[in-house]
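Peer 1: One structure, pasted below without further comment.
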Amino acid sequence: GVMVDQVVDHVNIDAIRAGDIVIGTLPINLVAEICARGARYFHLTLDLSRDMRGKDMSAADMRSCGARLEEYRAERR
C-alpha cells in the first residue's frame, strides 16, 4: 500500500534531496546522512526468527513476521 517513485538495489546518497522519503534496511551512518540532507528515513522492520534471516521472503512471509515501516531520525556528532 506504499507508493514509490523508484526501487534501487543500492542507495546513492548523492541523489537524496530534502523532502525525499527513503525506505529500507540501511546502516545507521547512511540513515544519518539521509537525515542530514533533509530527507526522511523509514526502516522496514521485521520480527524474524534466526532461521528466517537472510532468506528471500514473499509479501505473505513479511506480513507473518509483522512487517512494518518505522520512521527513524539520526545525526552524526
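The values are calculated or read from the model by the stated rules, or taken from the named source; none is laboratory data. Predicted model, so just to flag it, every value in this text is computed and none were measured. A quick note on method: Cβ atoms are made from the backbone with ideal geometry, for glycine too, and the neighbour counts reach across all protein chains shown. What goes into the accessible areas is simple: the full protein's heavy atoms, side chains included, and nothing from ligands, DNA or RNA. Shrake-Rupley method; radii C 1.70, N 1.55, O 1.52, S 1.80 Å.
Peer 1: Relative contact order of the chain, please, whole-number percent, based on alpha carbon pairs below 8 angstrom and at least 6 residues apart.
Peer 2: 32 percent.
Peer 1: Then there is this: With unit charges on the beta carbon (Lys/Arg positive, Asp/Glu negative), name the residue among Ala36, Asn12, Met52 whose Cα is farthest towards the positive pole of the charge dipole of the chain.
Peer 2: Comparing the listed Cα positions along the dipole, Ala36 ranks first.
Peer 1: Let me ask another. Using every pair of alpha-carbon atoms in the chain, split the distances into 10 Å bins beginning at 0 and state the percent of pairs per bin, rounded to integers.
Peer 2: Going from the shortest bin to the longest, the percentages are 17, 47, 29, 7.
Peer 1: Just to confirm, what accessible area per residue do you get for the chain at 1.4 Å probe, in whole Å²?
Peer 2: With all protein chains present, the chain gives 80 Å² per residue.
Peer 1: With a 1.4 Å probe and all protein chains left in place, how much of the accessible area of the chain comes from carbon and sulfur atoms, in whole percent?
Peer 2: Result for the chain: 49 percent of the exposed heavy-atom area is carbon or sulfur.
Peer 1: Tell me what the chain gives for mean residue ellipticity at 222 nm when only DSSP H runs of n ≥ 4 count, each as -39,500 (n - 2.57), the sum divided by the residue total, rounded to 500 deg cm²/dmol.
Peer 2: Here the helix-only value at 222 nm equals -5000 deg cm²/dmol.
Peer 1: Quickly rank 58-68, 20-30 as a protection proxy: mean count of other C-beta atoms within 10 Å, highest first.
Peer 2: So the peptides 58-68, 20-30, ranked by packing, come out 20-30, 58-68.
Peer 1: Tell me which GluC sites (Glu not before Pro) from the chain have a DSSP coil assignment and no more than 11 other beta carbons within 10 Å of their own.
Peer 2: Sparse-neighbourhood loop GluC sites (Glu not before Pro): Glu75.
Peer 1: With every protein chain left in place and a probe of 1.4 Å, what is the accessible surface of Arg40, to the nearest 10 Å²?
Peer 2: Approximately 110 Å² for this residue.
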